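**Student:** The structure under discussion is supplied below as structure tokens; questions concerning it will follow.
The values are calculated or read from the model by the stated rules, or taken from the named source; none is laboratory data. Model, not experiment: these values are computed from the prediction. Because the Cβ atoms are built from the backbone with ideal geometry, glycine has one as well, and the counts that use them run over all protein chains shown. Quick note on the areas: whole protein, heavy atoms, side chains included, nothing else; ligands and nucleic acids left out. Shrake-Rupley method; radii C 1.70, N 1.55, O 1.52, S 1.80 Å.
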Amino acid sequence: MGVYMSPGAKELNPWDRRRTPPGVHNALHEHVLHNAQGVNFQNLHRRAAGITSHPDQGAEVPAHASTLQAPLVVAVAASEFSVQTFTQPLDHFDNTTDATFQQRFWVNTRHYKPRVGDILARATGGIAVVLEHRYYGKSVGVQNFSTDSLRWLNNEQALEDSANFMRNVKFENITRTLRPERHHGYTMVFGSYAGARAAHMRVLYPDLVFGAIASSAVTHAVLMNWEYMDVIRLAADPICSSNLVNSISMIDSLLKIGPLRGRLKSLFGLSELESDKDFVSVLENWDPAVSSTTFDQFCATLNGDTPTLKDTERTWIRENIVVLCPQDMGLTVEDCFGTNEDSKYQITDLSEDWRPWVFQYCTQWGYLTTAPPVGTPTIISRLLDIDYEHKICIQAFPPGEYYKVPPLPNVTAVNVLGDYHIAADRLAFIDGEVDPWRPYTPHSTYGGAEEREDTVVRPFKIIPGGVHHWDENGLRKGEKEPKKIGQIHSEMVEFVKAWLEDWEDPFDEAMFRAAQQSKITFYSAGSRAEISNPTNNSIASVHLSTAYKSRKTVFNFSFLSRTSL
């Protein structure tokens, strides 16, 4: 089984509880696109990095990414694993178009060893496959990202993409037929958005999906996800968290005093910003890149000897955020951070690669990050209400000729598939104890979810102190992994082996001997990757999902660096 490697583990000690868990950093990074201000920030970061177009989406490194990410992302495109394509219908269901698109995938067969006999129990010789998500990277079958062109981007179509691929793909240089009807199906291992998809695939396509490991699987979609920031508040350094709560409370109070509004904004270098909501939204974006120590630096500033607006937070905001606005090039603060101009969110060419995920959460997933209910401390302004957070859905996606974005995200389309209660044999759920996305998984402690027994057939595991799909992170040398990470990997190996022991080939062995070699295992996508192999007797496969990544890397993978099955 591939184990993911996070570059941040080299610079930070992610298991030192005196610091904010790096996974909180990652989660914040994933969160940033959830309003119009997030799009502003992406554009500013791209401008700062000199990225103004996407001549080759397949190899681009996002402007806000850690420099450690760059070679990992590019390495996939330039590696020994050549790109292949699989023809998918743009519309699997309603015949609204007969158009097709070429969905990219990558195959690593260097460790594949065809065998005879009881190979499933022996768990050796796999194939690694990476499948790119529709509308991301170069798996795009439309000419632009207009409202009408995006109407085929939804859960149902994406799930059927995977199913159609499983049923019909033929791998180059593999003479044996490796399809589910001949070797009993795939095992999928995904995280985050893709974790929910793994669970959904196990339930909706049991004939194809033999098993699934759903890591940090957000199976509960919701309009307002205030709990996200609340988990961060509780997991962060207590002094930093308290200072941030007090600062936000003071700012909200001062904004109510007319004569002080302009003066307050000027302290942060934002005096020209017209909207109070835009102002506090800028203050929310202490969002660091993956592998960055930015949040630690921000907390260190707030934790200074004199934690006042004058001496700490406002200085940090000016020096780390406002500086992104190139005022020397004629842009104003309003140009950079204002969200009232609809036209700047209505460019629909394919270079606007923020649009697919925003469309997905505007139509089905929600997760509009608002302040918590009154009475619960908050680290973001209470001015950030659902109207402000949802505004981007109205601005970016005006009604088309064939499709209209719903007035609010239709989260029922996700929750009807099982919500907190989704369950099946050979479906595992693994979550981090302090993951900001945990409230939307079956391990939620905010209500709605129920305790479950952790069994081999239905594993239900929490990583102590863990955050967003930590089980998908790891080190190339597994023996150097922290104990809690090594432990969860060992448990995953054991329960998957137990699943494989229950496998029975329903076909004649002589006729299908060659096809008995593999189950297909999908590994989830993270933020960087190289394609490596699992050593189980399965086709190990990585399904690319860029959905929760704030600045869309085209190859949004993580390391598949160690094999252990």
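**Student:** Probe radius 1.4 Å, ligands and nucleic acids left out: which of Arg197, Arg263, Arg438, Arg382 has the largest accessible area, and how do the rest follow?
**Tutor:** Arg263, Arg382, Arg438, Arg197
**Student:** Please list, ordered by chain and number, the residues whose modelled amide H lies under 5 Å from the amide H of Val222; skip anything fewer than 5 residues away on the same chain.
**Tutor:** Tyr367
**Student:** Just to be sure I understand the model, the point goes 7 Å from the Cα along the line to the Cβ. What's the resulting Thr376 to Lys256 distance in nm?
**Tutor:** Output for this residue pair reads 2.1 nm.
**Student:** Just add up the charged neighbours of Val83: K/R +1, D/E -1, any other residue whose Cβ is under 10 Å from the Cβ of Val83.
**Tutor:** Numbers: positive: Arg104, Lys138; negative: Glu132.
Taking every Cβ under 10 Å from that of Val83, the sum is +1.
**Student:** Rounded to two decimals, what is Rg over Rh for the stretch 331-449 when you use alpha-carbon atoms and the Kirkwood radius?
**Tutor:** On the Cα set of the stretch 331-449, Rg over Rh gives 1.02.
**Student:** Step through the table entries Lys170/Lys497; Lys256/Lys391; Lys138/Lys170; Lys277/Lys404; Lys277/Lys483, compare each Cα-Cα distance with 32 Å, and write down the pairs that go over it.
**Tutor:** Long pairs (Cα-Cα over 32 Å): Lys277/Lys483.
**Student:** Hey, another quick one. Around Asp335, under 12 Å between beta carbons, what's the net of Lys plus Arg minus Asp minus Glu among the other residues?
**Tutor:** Net local charge, Asp335 excluded: -3.
**Student:** Fully extended, how many nm does the chain gain between Asp385 and Tyr402 (0.36 nm per residue separation, minus their Cα-Cα distance)?
**Tutor:** Details: separation 17, 0.36 × 17 = 6.12 nm, distance 3.00 nm.
Additional length available on full extension: 3.1 nm.
**Student:** Net charge near Leu204: determine it from the other residues with C-beta under 12 Å of the C-beta of Leu204, scoring Lys and Arg +1 and Asp and Glu -1.
**Tutor:** Spelling it out: positives minus negatives among the neighbours equals -1.
**Student:** Sequence-distant or interchain residues sharing an amide H contact under 5 Å with Ile213, placed H: which?
**Tutor:** The answer is Met188, Val189, Phe190, Ala428.
**Student:** Rank these residues by their accessible area, most exposed first, probe 1.4 Å: Arg134, Arg233.
**Tutor:** Arg233, Arg134
**Student:** Moving to a separate point now. I'd like the projected area of the stretch 367-425, averaged over all directions, using the convex hull of its alpha carbons. Report it in nm² with one decimal.
**Tutor:** Working: hull surface 27.3 nm².
Projected over every direction and averaged, the Cα hull of the stretch 367-425 covers 6.8 nm².
**Student:** For a quick check: with amide H placed at 1.01 Å from N, whose amide H comes under 5 Å from Gly141's, ignoring anything fewer than 5 positions away on the same chain?
**Tutor:** Tyr135
**Student:** As I understand it, the dipole of the stretch 367-487 uses +1 on the Cβ of Lys and Arg and -1 on the Cβ of Asp and Glu, about the Cα centre. Which of Ile422, Pro373, Trp437 lies farthest toward its positive end?
**Tutor:** Trp437
**Student:** Note down the nm distance, to one decimal, between modelled labels 7 Å out along Cα→Cβ at Thr85 and at Asp148.
**Tutor:** 2.4
**Student:** Provide the gained length on full extension for the span Ala49 to Ala498, in nm with one decimal, where the gain is 0.36 nm per separating residue minus the Cα-Cα distance.
**Tutor:** That pair, Ala49 and Ala498, stretches by 156.8 nm at full extension.
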